[in-house]
Every structure is written in structure tokens, then in C-alpha cells.
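All remarks here apply to the structure that follows.
No value in this document is a laboratory result; all are computed from the given coordinates. Quick caveat, the model's predicted, so the values are computed rather than measured. All Cβ positions, glycine included, derive from the backbone under ideal geometry; neighbour counts span all protein chains shown.
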Amino acid sequence: MFLSNIDQLFNFDVETVHFFSAVESFLPSTVCNAIERALQQLLVPYDFLAGRLRLDPLEGRLEIDCNGAVVGFVIALSEMTLEEVGDLTFPNPAFKNLVPTRSLKGLEDWPLMTIQVTSFKCGGFAIGISNNHITFDGATFKNFLDNLASVAASSEGTLSVHPCNDRDLLSARSPPRVMFPHPELTKNIDSIFDASTGTPIETKLFRLSPSDITLLKQKANSPHGGAAPTSFNAVTAHVWRCHAAVTAANTSRLLYMVDLRPRLRQHLPKSYAGCGVWGPTPPPPATNLWKVNFIEWWRAFERGRRG
């Protein structure tokens with residue numbers, strides 16, 4: 001399977017855990033059998049998941065060898081209850097035991113997806129999924145989960161979304177044509193999230209209440225009218241502004257993921273199963289960001305989103 005230039009950038013594993021409280025009619029054995037059966041059926045429309053990554057020696061590009069080498073499926077038991085695990089909305093080290101981790105095997109030996117179903121003493125269970133980001137972006141991973149639930153709940157194996165697996169839809173022009181600047185690819189610029197720098201990143205989870213978000217949106221409102229900022233814009237703008245106030249760099253850059261499907265001149269199908277996202281950056285104002293008032297700064301953010 002051909003992988004686009006965007007796919008090539010996302011060769012790393014994504015780990016998620018999904019918790020479910022106890023339901024008397026769903027015994028652990030029932031849950032495991034239903035998920036395993038649904039996964040087997042999904043490997044027909046998502047046949048590439050059972051393949052393996054390999055490097056084309058001539059092109060020097062990654063591709064998926066759809067060789068039917070299967071996905072991983074793990075069944076685990078825990079002596080803990082969900083309550084003993086702790087706050088399920090806040091990641092903690094105990095979650096590591098609920099997700100299958102990559103072994104030291106080579107590129108062509110490790111499954112593109114492995115699912116672990118863990119049953120707890122209280123009757124609840126967790127589904128831990130480790131998948132290579134090349135397989136899905138966030139939007140199409142949600143489609144996969146919807147299909148997994150739909151097939152598991154249906155005796156007929158009905159899909160809620162039929163995946164579009166044609167990744168040639170995002171193949172690059174040959175020769176390439178650079179039509180405008182790409183500041184998101186500029187190196188040596190301080191940014192909030194930049195895994196390429198090698199600098200350890202400390203992760204924090206900030207809980208914002210509805211009233212907190214409302215207050216931020218009110219502060220971002222322009223006195224001259226116009227559209228009110230969305231919650232995403234207001235919160236992200238505030239985070240960027242705080243970072244710019246403490247960074248030692250003269251320029252602070254924000255990257256955020258945008259779904260390309262509805263934004264291309266020739267729209268990608270909503271069910272496009274590849275990585276249909278990109279991380280643009282809004283153009284910063286001419287002066288240091290921490291000196292810029294919130295309204296000007298939010299307008300720059302809006303221009304970046306529209307661009």
C-alpha cells in the first residue's frame with residue numbers, strides 16, 4: 001500500500017485506553033469474544049492493519065506490505081477494581097499495564113495494531129489499543145472505533161463508516177511545487193510541541209471548567225463586533241500567549257492539527273482512512289507575542305486557521 005508524504009511523517013505508535021464500567025449482562029468472556037469477533041471481521045475492510053511496514057529499497061519510502069501477518073490480540077486479567085486504578089480521566093503509570101507495548105522486534109515483525117482487553121475484579125474492563133500512527137489519524141481512528149462497536153453489537157457485522165483506503169489521493173505532485181511559505185517546517189524556532197528537538201517535554205493536564213472557558217472567550221471578544229471565538233480558539237490562544245510570555249526565544253510558534261478532508265479543493269472523503277491532517281502554524285504578529293493584546297493575537301490565530 002502506497003503511503004503519502006504525510007503518512008511518512010507519522011511512523012510512531014499511539015496508545016489509548018478506553019474504560020467501561022461493569023454491566024451484569026456483559027461478562028468478561030462475552031466482552032472478549034465479541035471484540036475478537038468484531039476485530040476479525042474488520043480485517044476485511046481494514047486489511048492493511050494485518051500488514052507490516054517495510055522500506056522500499058529503490059524509492060527509500062515506507063509502504064505497507066499487506067501480507068496478512070495479523071494484528072495482535074491480548075486478553076488480560078487484573079486483581080484491581082476500576083476504582084482502585086484511580087482517576088480514569090487523568091493518565092497515570094498504571095495505564096501502562098493496560099496497553100500492549102512494542103517489543104524489540106524489527107520494523108517488519110511488529111504488528112501495526114495490537115488490542116488488549118483487560119477484565120477487572122469489579123466486572124468492568126478496559127480496551128487498550130496500540131497502533132502505528134501511519135494507520136490512522138484521530139478522525140479515522142474514531143471511525144475505526146465506531147465500526148468496532150457497530151460490528152460487535154450487530155449479528156450482521158454492519159459498518160457505521162465504510163473506510164476509503166486509497167492513499168494515492170494525497171500523493172504529491174511530481175515535480176513538487178512550493179506555492180507559498182511553510183513556516184510550520186522552519187527549524188530552530190521555539191515551539192510548544194516539538195518532538196524533533198530532542199528536548200524533554202514536561203506534560204501537564206490543566207482542567208478548565210465551563211466558566212473558565214467562558215471567561216477566556218469574553219476576554220477575546222472584539223469590541224468592534226464580529227464572530228465570537230470558539231472554545232478551541234480561546235483556550236489555545238491563551239496557552240500560546242502564556243508560553244510566549246515565558247519563552248526566551250524572540251519568536252514563539254504554535255502548531256495545531258487541522259483536518260484536511262473538507263479543506264482541499266478536491267475534498268477527501270470523510271472516510272479517508274489515511275493521515276489526512278497537517279500541522280500549520282498561524283502567522284505571528286510583527287512584535288513579540290507577549291506584548292500583543294489578546295484580540296490582535298486571536299485574529300492572527302483565526303487567519304492561520306482559515307489559511
Exercise. Are there trypsin sites (Lys or Arg not before Pro) in the stretch 208-246 that DSSP marks as loop and that have at most 10 other Cβ atoms within 10 Å, and which are they?
Worked result: none
For this session: Counting other Cβ atoms within 10 Å, keep those with at most 13, restrict to DSSP loop, and tell me which GluC sites (Glu not before Pro) in the stretch 1-101 are left.
Result: 24, 59, 79
Exercise. Among 156-164, 125-133, how do they line up from the highest to the lowest mean number of other beta-carbon atoms within 10 Å?
Worked result: 125-133, 156-164
For this session: Give the Rg (one decimal place) followed by the Dmax (whole number) of the stretch 95-168, computed from C-alpha coordinates and expressed in Å.
Result: 14.7, 47
Exercise. Of all trypsin sites (Lys or Arg not before Pro) in the stretch 8-109, which ones are in loop regions per DSSP and have a Cβ with at most 12 other Cβ atoms within 10 Å?
Worked result: 105
Exercise. Kirkwood hydrodynamic radius of the stretch 49-137 from all distinct Cα pairs, in Å?
Worked result: 14.8 Å
Seminar exercise, completed: Extension length gain for residue 33 and residue 218 (0.36 nm per residue less Cα distance), in nm, is 61.6 nm
